[in-house]
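Following: one structure in structure tokens, then a few remarks.
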Amino acid sequence: MCAAVLAALTAVPAQANGPAGGTQGGAPHATEHGAPHWALKDSGAPDVRFRGLSAVSRDTAWLAGTRGTVLRTTDGGRSWRNVSPPGAGELQFRDVEAFDARRAVVLAIGEGEASRVYRTDDGGATWTESFRNTDARAFYDCMTFFDHRHGLAMSDPVDGKFRILQTGDGGRSWTVLPDTGMPPALEGEAGFAASGQCLVSSGPKDVWMATGGAARARVLHSADRGRTWTVTDAPIPAGDPARGVFALAFRDRAHGLAVGGDFRPDQPSADAAAHTADGGRTWRPAAASPPAYRSGVAWLPHSRRAALAVGPTGTDLTTDGGRTWRTVDTGSYDTVDCTRDHGCWAAGEKGRVARLEH
């Protein structure tokens, strides 16, 4: 199936799906020969922007967004259940990590106590607040899990270094890790809470962090679950609070992708993608980048060379491991996630959510 998806995607011109990947409220336009395309699903939440997405399978996915909203589907997006934590209406959820249809962890972002973590074990019927930030200097952006127990969350720098939270019980409790192994942050450096992909992991111990906002965009890597870190410059434009690396994706501990740019719609975003084959020790710019800022990226299932990048102005496909990208859809999405059973989902503004179908 994956080979067929790739063959069809690479054969379809960018305009095949029409403006915004189809009509805003209905199904996308048909593509030639039934080619794979983003099929919009009705989330029932047109006033919510979903930057948090966790795809469990082709049938099950979780969304997290503004207005304290968490949605879940178990039927491939035909219906969505609002499973938002009670009393969370003022929070902005920017990341969700789901283990299955019943267990998930969501992260709310913001200064001070606005940064919180909640966990559910019953599909969102009940939630437990497992972390509330009490340091006014901290601002949490993203989280990732190595397995069902071990995970990390990251905050913008406090006292000159990025702060890392650790859990060893699936997000039921959290502790701040010592920062002795964290390199100093650059002036103005921070993470972007744009897609839940500024902190990503691969395997049992490796984790990467994306940064921007400073003179240089950088990627930090830890091979020991966040205790010690190395840092490398990324060839994505920086030098402004709106520029940098916004999202990462690693298909193993060596091969990774970085996307970003300038999120301001009136600013160009040349060189908005890069790739690595050595675990992030070195990064190379894409020879042909996406044409604009991209906030989310994901490897296609069971592929060593194909991935999708998404942003407010479209979706791009690479079939050569991130060296070149071409636009295959013009719909607005903030985040993307794929599963091993060939399920790929995307989500974004105005309640938009879609699944790759053929």
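No lab work stands behind these numbers, since they all come straight from the coordinates. What you see is a predicted model, and the numbers here were worked out from it, not measured in a lab. Virtual Cβ from ideal backbone geometry, glycine too; neighbours counted across all protein chains shown.
Report, by chain and number, residues whose modeled amide H sits under 5 Å from the one on Phe246, excluding near sequence neighbours (fewer than 5 apart, same chain).
Those qualifying (amide H under 5 Å, at least 5 residues apart or on another chain) are Val259, Gly260, Gly261.
Cut-off under 22 Å on the C-alpha distance; same-chain residues fewer than 8 positions from Lys41 excluded. Which lysines are left, in chain and number order?
Output for Lys41: Lys350.
Would you mind ranking Trp208, Trp283 so that the residue whose beta carbon has the fewest other beta carbons within 10 Å leads the list?
Neighbour counts put them in this order, fewest first: Trp283, Trp208.
Ordered by residue, what ³J(HN,Hα) values in Hz, to whole numbers, does segment 166-176 give under the Karplus form 6.51 cos²θ - 1.76 cosθ + 1.60, where θ = phi - 60° and Gly and Pro are x?
Each residue of segment 166-176 in turn: 10, 10, x, 10, x, x, 7, 8, 9, 9, 7 Hz.
Given a Förster radius of 30 Å and the C-beta distance between Glu113 and Glu349 as r, what FRET efficiency does 1/(1 + (r/R0)^6) yield to the nearest 0.05? Please report the intermediate quantities before stating the final value.
Working: r = 26 Å, r/R0 = 0.87.
So the FRET efficiency works out to roughly 0.70.
Using helices alone, I'd like the mean residue ellipticity at 222 nm for the chain: each DSSP H run of four-plus residues gives -39500 (n - 2.57), total over residue count, nearest 500.
Roughly -1000 deg cm²/dmol at 222 nm, from the helical runs in the chain.
Under the rule that an exposed site lies in a DSSP loop and has at most 15 other Cβ atoms within 10 Å, name the longest stretch of the chain with no GluC sites (Glu not before Pro) of that kind, not counting the sites themselves.
It works out to 188-358.
Using the beta-carbon distance between Ser79 and Asp147 and R0 = 35 Å, what value does 1/(1 + (r/R0)^6) give for FRET efficiency, to the nearest 0.05?
Values: r = 30 Å, r/R0 = 0.85.
Between Ser79 and Asp147 the formula returns 0.70.
From the list [x] 37, 24, 17; [y] 34, 21, 19; [z] 28, 24, 18, can you say which value of semi-axes √(5λ) of the Cα gyration tensor in Å was derived from the structure given?
[z]
Taking the Cα centre of the chain as origin and charging only Cβ (+1 Lys, Arg; -1 Asp, Glu), how large is the dipole, in debye to the nearest 20?
Once rounded to the nearest 20, the dipole reads 480 debye.
With an 8 Å Cα cut-off and a minimum separation of 6 or more residues, compute the relative contact order for the chain in percent.
Taking the mean separation of contacting Cα pairs over the length of the chain, I get 16 percent.
Would you be so kind as to identify which of Ser54, Ser295, Leu91 lies farthest towards the positive end of the dipole of the chain, taking Lys and Arg as +1 and Asp and Glu as -1 on Cβ and the Cα centre as origin?
Selected residue: Ser54.
Just need the relative contact order of segment 229-299 here, percent rounded to a whole number, with Cα pairs under 8 Å and 6+ apart.
Relative contact order comes out at 34 percent.
Please report Thr335, Thr230, Thr313 as a ranked list, fewest other C-beta atoms within 10 angstrom at the top and most at the bottom.
Lowest to highest Cβ neighbour count: Thr230, Thr313, Thr335.
Can you tell me which lysines have their Cα less than 20 Å from the Cα of Lys205? Leave out same-chain residues fewer than eight positions away.
Of all the lysines, none pass the test against Lys205 - Cα under 20 Å, at least 8 places apart if same chain.
Mind running the shape call on segment 52-195? Use the C-alpha gyration tensor, a ≥ b ≥ c as the square roots of the eigenvalues: rounded below 1.5 for a/c, prolate if a/b tops b/c, oblate otherwise.
Verdict is prolate for segment 52-195.
For segment 142-286, what is the convex hull volume of its Cα atoms per residue in Å³?
In segment 142-286, the Cα hull volume divided by residue count equals 92 Å³.
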